[in-house]
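Each remark here refers to the structure printed beneath this line.
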Amino acid sequence: MPSSRRPSLDFGFYGIGVCLQHDNGELETLVEPRPWRPMRRHTPTSAAWWFAESAYGRFLDQSTSHTPELSPAP
């Protein structure tokens, strides 16, 4: 595929690999994928998300371990 016809998207920025499958079944790699690396920069949004996930996880752990036995209706 000529380079003038390649998509000019930000796949490289996000680390997403992009392949093009030709009519004969051959795959051509347009953008190489990058290995995922976690961001170490914490923001108020990421801290709030982490807190909410941790609190919800603890709530689930406690609610499943203290579930009362259900008795049949009289």
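Every number here is computed from the coordinates shown, using simple stated rules; none is lab data. The structure presented is a predicted model; accordingly, all values stated were derived computationally and were not measured. Because the Cβ atoms are built from the backbone with ideal geometry, glycine has one as well, and the counts that use them run over all protein chains shown.
Here are some notes:
- Amide H contacts under 5 Å for Val31, placed H, 5+ residues apart: Val18
- Across the range 42-48, rounded Karplus estimates of 3J(HN,Hα) from the backbone phi angles (6.51 cos²θ - 1.76 cosθ + 1.60, θ = phi - 60°) give 9, 10, x, 5, 5, 5, 5 Hz, Gly and Pro being marked x.
- Virtual spin-label span in nm between Trp49 and Val18, 7 Å along Cα→Cβ: 2.4 nm
- Under the Karplus curve 6.51 cos²θ - 1.76 cosθ + 1.60, θ = phi - 60°, whole-Hz ³J(HN,Hα) for the range 21-32, x wherever Gly or Pro sits: 9, 7, 4, 7, x, 6, 9, 10, 7, 8, 9, 6
- Segment Leu60-His42, length gained on full extension (0.36 nm per residue, minus Cα span): 3.9 nm
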